[in-house]
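Read the structure below first, then the notes.
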Amino acid sequence: MYDALARSERQGPEWPRAVVARHESGAAFMADGYARESGKIGVCCATTGPGTTNLITGVASAYANHIPLLVITAQTALSDFGRGSFQESSPDALDTHGMFGQCTHYNSIITHPNQFENKLVDAILAALQHPQGPAYLSVPIDVFKSPTGGGQIQFANLKQFLAEPSMIDEVALNRLYQEVVNALTQHQQIVLLVGRDSGSAIGDIVKFAELINAAMITTPEGKSWLNQYHPLHYGVFGFAGHNSARQALAGDSVGLILAIGTGLGEWSTDGWDPVLMNDKLIHIHHSPRYFARSYMARLDVCGKLTTVFEILYHRLKNLIETGNLPKVAPPVETTPTPSMFEEQRMQGQQCAPRHIEIDDPKKYRRGSSPSSALIKPQRLMCELTLRLPPETRFFADTGNSFAWTTHYLFHQPEGCYRLAMGLGSMGWAIGAAVGTALAAPGVPVVCITGDGSFLMSGQELTVAVAERLSVIFVILNDQALGMVKYGQQLTDAEIIGFELPPTDFAMMAKAMGATAYVIQIPEDFETIDYQAMYSGKGPTLWDVRIDPEEPPPMGMRARTLSR
């Protein structure tokens, strides 16, 4: 295959080429980031044996987060199955094919050259059709060396195969429409909870919310899809979320809660908080697999989200225009406007929208706590929000990076904030940021990660160096596995196993060929050449010495662990 990739690369920059990661899980994370940014399938590959097993964490992460990947690995020659070949992972030995069966939508060993094209098409279709996810092909070396089978399938038909049908439960949709009309007629407030799988329909969802002045809140992963400065947005509900989001759900005037494109897992529901999980809930998703989690809901609606909200919007708009439905007041009397963000940026004030309640970050903008000379994480998030361009892609890694960015980092365009909370793999953001930079050259890409994650997967920085990618790696350096440390503190557990050695990450980055800064005091933010960082031909690393005693906003996680 690499012989073919070498020939392909010589054809020109638009042809497929190989990007060599430093670890196979990094390759899967890069393919994940590439797929999220490009909207295309991400492809990763590895050799047999340990190369294949090293891929599994990255592939499982994509499976949990519905990211389409084509995963290709080598395999022992068919004639040598069961004979103890070097790194053999056939079904007669280690059986990596069986391992991938638990975290892929398609999983096959190609046992004859004439199968290749059919199975490749099957794999691509399985990866890209809902629910999206990884598809796996294991290819024995003797099959790889064989001539092609003769081109039986026209790959031009793939788009036709991939066309998503607009199937919908008409009975449930009609009931949903009537529930919305009843609530509006009774002057009840409707709250929308926007989840991870809402991205393709976000335009229709926002139009619907604006038509009926519905309050919009998001899950942590749903945060990516909504402009944080939209006047009807009231923050994140769930892990590291905002009080304003919970208050939007708990208001006396709330008649309906529409949970859209969310699987209603622990971190999306604030530990299955009854303020959300009650009979006001209507659960809307394109897959029925999650409806068992909303057994208490008033209604479950299965269908393509764009279709659901297009139909709702047009029906309700007609009712309002004909005077058969009263106009609904917005959730608050004075609704802020997105332009306030620019006012705040110009005045150097707080980074948060004024209608989302958070611990006031202005004090962190002015300087660190008198008790510490180190940078507060709140201050860092505020600096990132105010100093980086609106189109910046932000990746938050597993750990305290999740918590600080979910609560304190705000973005404008849809899709610019990205998490992988389904599996929560440390180091995911490092590889995913590199993959995104490959898919979107010239767009600022920021990876916010902890010192523990960087010590685990930081070698992928050298891929950004080799590919001359302008990725900004922001390291929260507090010499600890922060989520472990604070999880133990908040649950009165023994404090153990969280310490990390003092590490100069800036020196590490420079040794790898990157530009690097150490940020210890607020004035250090002024020493950075931001324009060169965006337009440069290579990565930059910020080694941010954060206050290790500043607790992250993770009270929900502590409550759930305690239960």
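None of the figures in this text is laboratory data; all of them are computed from the coordinates on show. Computed from a predicted model, the values in this text were never measured in an experiment. Here the Cβ positions follow ideal geometry from the backbone for every residue, glycine too, while neighbour counts run over all protein chains shown.
Details
- Fraction of antiparallel bridges per DSSP, the chain only, in percent to nearest 5: 5
- Per-selection metrics, region 154-234 (Cα): Rg and Dmax in Å: 16.1, 56
- The GluC sites (Glu not before Pro) of region 11-111 that meet both conditions, a loop assignment by DSSP and at most 10 other Cβ atoms within 10 Å of the site Cβ, are 14.
- Divide the volume of the convex hull around the Cα atoms of region 377-457 by the residue count and you get 91 Å³ per residue.
- Ascending count of other beta-carbon atoms within 10 Å, so fewest first, for 125, 541: 125, 541
- Span per principal axis, largest first, for the Cα atoms of region 2-162 (Å): 42, 35, 30
- Cα lying deepest toward the dipole's positive end in region 285-325, options 291, 325, 302, charges on Cβ: 291
- Basic side chains Lys and Arg get +1 at the Cβ, acidic Asp and Glu get -1 at the Cβ, and with that the dipole of region 1-98 about its Cα centre reaches some 280 debye.
- In the chain, helical runs assigned H by DSSP with n ≥ 4 each contribute -39500 (n - 2.57); averaged across all residues and rounded to the nearest 500, the mean residue ellipticity at 222 nm is -10500 deg cm²/dmol.
- Rg/Rh for region 170-321, where both radii come from Cα atoms and Rh is the Kirkwood radius: 0.92
- This ranking places 225, 272 by how few other beta-carbon atoms lie within 10 Å of each, fewest first, which gives 272, 225.
- For residue 512, net neighbour charge (Lys/Arg +1, Asp/Glu -1) across residues whose Cβ lies under 12 Å away: +1
- The Cα atoms of region 409-563 give a gyration tensor whose axes a ≥ b ≥ c have a/c of 1.5 or more with a/b greater than b/c, which makes the shape prolate.
- Its Cα gyration tensor gives the chain an equivalent ellipsoid; the semi-axes, largest first and in whole Å, are 39, 33, 21.
- Dipole moment magnitude, nearest 20 debye, the chain about Cα centre, only Lys, Arg, Asp, Glu C-beta charged: 660
- Excluding same-chain neighbours fewer than eight residues apart, the aspartates and glutamates reachable from residue 280 by a Cα-Cα span under 15 Å are 179, 252, 300.
- Cα lying deepest toward the dipole's positive end in region 454-551, options 532, 476, 454, charges on Cβ: 532
- Residue among 522, 11, 102 farthest towards the positive dipole end of the chain, charges placed on Cβ: 11
- Calculated FRET value between residue 266 and residue 47, using beta carbons and R₀ = 25 Å, to 0.05: 0.10
- Straight-line cross-link reach from residue 145 at under 12 Å between alpha-carbon atoms covers these aspartates and glutamates, not counting any fewer than eight positions away in the same chain: 3.
- The order of 267, 428, going from fewest to most other C-beta atoms within 10 Å of their C-beta, is 267, 428.
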